[in-house]
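See structure below.
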Amino acid sequence: MKKRMLHSGEEIRRCLAKLGEWNEKVRSRARDEIIRLGPQAVPALIKSLSSKKPLVRWESAEILRVLRDGRAARALVHALTDSQHQVRWVAAEALVDLGRSCLGVLYTALVNDGGSAELQSGARFVLYELKRRQALREADLLVYEVLREIDAPGTSVVAVFHALQFLDGSQVVDEKHPTLRTLHYQVPGPPA
């Protein structure tokens with residue numbers, strides 16, 4: 001039996017649309033076809049991570065996890081803030097499977113959107129798993145330790161910023177530093 005191959009963008013879009021079907025067999029066939037296509041499907045999968053349908057976003061993240069293409073890192077980091085827990089979870093697992101190559105994008109997102117509890121939680125998971133796999137460098141371990149403490153009273157994304165400066169070899173700056181002023185964060189007040 002001759003297998004049908006995907007060739008056009010229209011065929012890829014049709015397969016992506018089938019990822020939103022409730023019928024598992026239909027989704028499974030579409031998933032298998034997209035995976036067989038490989039890297040050619042990555043740009044469309046990245047776009048589908050923004051679909052209005054949670055099932056399409058979840059399936060897209062799952063396929064990107066299998067494909068392990070670094071081009072998806074930014075979109076997967078963004079998916080750590082998805083409204084659906086299942087999408088966030090699969091995106092985090094996909095980032096773990098990308099390994100250290102995703103960390104630059106993850107760290108940038110932490111600094112730019114550090115106030116998001118979902119992003120912080122996803123980043124902790126990614127770093128924990130990479131630590132467990134012994135894939136982190138010493139400086140990455142520092143960021144992991146800071147993120148572990150981020151929920152502690154008096155801690156904010158500023159601590160992550162300082163840890164990232166350490167990674168870059170920069171001097172730690174005070175809160176009047178122009179880069180730090182551009183961050184969106186809230187520093188908790190003293191305990192009552």
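One table, with the values for the structure above:
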read-out: Residue ranges of helices (runs of 4 or more DSSP H) in the range 1-88 with at least 3 members closer than 23 Å to Val126 by Cβ and not aromatic (Phe, Trp, Tyr); value: 42-48, 54-67, 73-79
read-out: In the range 78-113, the residues that are buried (at least 16 other Cβ atoms within 10 Å of the Cβ) and either in the same structural domain as Ala30 (by TED's automatic domain parsing) or farther than 21 Å from Lys131 by Cα (or both); value: His78, Ala79, Thr81, Asp82, Val87, Asp113
read-out: Residue within the range 157-166 that is under 29 Å from Val66 (Cα atoms), at pLDDT below 80, in contact with a helix residue (DSSP H, G or I) (Cβ under 9 Å, 6 or more places away or on another chain) and aliphatic (A, V, I, L, M) present; value: no
read-out: Count of the range 89-101 residues which are under 11 Å from Val77 (Cβ atoms) and at pLDDT below 95; value: 0
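The values are calculated or read from the model by the stated rules, or taken from the named source; none is laboratory data. If you're wondering where the values come from, they're calculated on a predicted model, not measured in any experiment. Every residue, glycine among them, receives a Cβ derived from its backbone with ideal geometry; neighbour counts consider all protein chains shown.
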